[in-house]
Amino acid sequence: MRISGECLCGAVHYAGEADPVFQVKCYCTDCRKTSAAGHAAMIGFPAGTIPVTGDVKEFHSKADSGLAVTRAFCPCCGSGIYSRNAAMPHLIFLRASTLDDPGLFAPQMAVYASRAPAWDPVSEGVPAFAESPPRP
Ligand SMILES: [Zn+2]
Ligand SMILES: [Zn+2]
């Protein structure tokens, strides 16, 4: 599929053509804090297929799994752009919130669903895992 997106201020954008390999809503505490919502919506593509242009700032942390996670955001407007997970180094997870057409995002699963706040419940019909998902 052809996808494109950009941050709130437009300094960072991405575009390319690739099929998503993993689409997930993550309700972990870190994703909640960085998404400014109850979960982060992430659409994963093979690394390198969707070039990101513009300067991003990266934040490095350890996931509950113990693995390193990198989250990139626009240093100007703060929009989250993508994340990388050491468990899946061949993938880049773009934030579905920055898609030009957010309707392209079709979540396959919800993870850390046990942490979903009452005001952002897990969608009906999406397989939900209480904690960490099985590795794709
Ligand atoms: Zn920006
Ligand atoms: Zn998460």
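The values are calculated or read from the model by the stated rules, or taken from the named source; none is laboratory data. All figures in this text were calculated on a predicted structure; none of them were measured in a lab. Glycine gets a Cβ as well: all are built from the backbone with ideal geometry, and neighbour counts include every protein chain shown. Please note that ligands, DNA and RNA were not included when accessible areas were found on the heavy atoms of the full protein model with its side chains. Shrake-Rupley method; radii C 1.70, N 1.55, O 1.52, S 1.80 Å.
Quick notes on this structure:
- When the solvent-accessible area of the chain is split by element, carbon and sulfur atoms take up 55 percent of it, the probe being 1.4 Å.
- Across segment 111-117, coupling constants 3J(HN,Hα) worked out from phi with the 6.51/-1.76/1.60 Karplus curve, θ = phi - 60°, read 10, 6, 4, 5, 9, 4, x Hz, and Gly and Pro carry x.
- Taking amide H as placed 1.01 Å from N in the peptide plane, the amide H of V21 sits under 5 Å from that of G44, F45, each at least 5 places away or on another chain.
- Local electrostatic count at H13 - Lys and Arg +1, Asp and Glu -1, tallied over other residues with Cβ under 11 Å: -2
- Taking 7 Å steps out from each Cα toward its Cβ at F22 and A106 produces label points 1.9 nm apart.
- The chain - accessible surface per residue (Å², probe 1.4 Å): 51
- Over the chain, dividing the summed -39,500 (n - 2.57) contributions of all DSSP H runs of at least 4 residues by the number of residues returns a 222 nm mean residue ellipticity of -1500 deg cm²/dmol.
- Sequence-distant contacts, meaning Cα pairs under 8 Å at least 6 residues apart, place the relative contact order of the chain at 27 percent.
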